[in-house]
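Read-outs: derived from the displayed coordinates by stated rules, not from any lab. Note that the coordinates shown come from a computational prediction; the quantities given were computed from them, not determined experimentally. So basically every Cβ, Gly included, is an ideal-geometry build from the backbone, and we count neighbours across all protein chains shown.
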Amino acid sequence: MDDDIMTRTLCVEFTEFPDADEAWLEEKARAIGEVLVPRLGGKLEWGQVVVLPDRKGIGLALLFYPGFEHDLGLAETVMKVVFEKTGIEFPKRGGKGKAKRKDGLPCVGLGPRFPP
């Protein structure tokens, strides 16, 4: 895969939802996809939302059009949509601590960021 594609790609997983079954994951993945595509507008070249039943989670693989690889608002939009559709509480700006689910469990751990 060339560097251009890598700089325009965002891949993230949200896993270990407590008591999540495959039907719940599929419902949430579908809801995320239905909201995410319109919110990203013409910035999204390709995207896929998948269910990860073995890890009780949802995965997203998104490819943005050239010119949007440095748009930090895209990652924030993605996170807000996922949090909204799965019940994860988004932390306030400037607040301390990690985002939490309503049941209080930690919920988000991101790996290395895509290259700047």
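What does the charge count near LYS85 come to, summing +1 for each Lys or Arg and -1 for each Asp or Glu among other residues with Cβ under 11 Å from its Cβ? My count for the surroundings of LYS85 gives 0. Between CYS11 and ARG39, the distance separating the two model label sites (each 7 Å from Cα on the Cα→Cβ line) works out to 2.3 nm.
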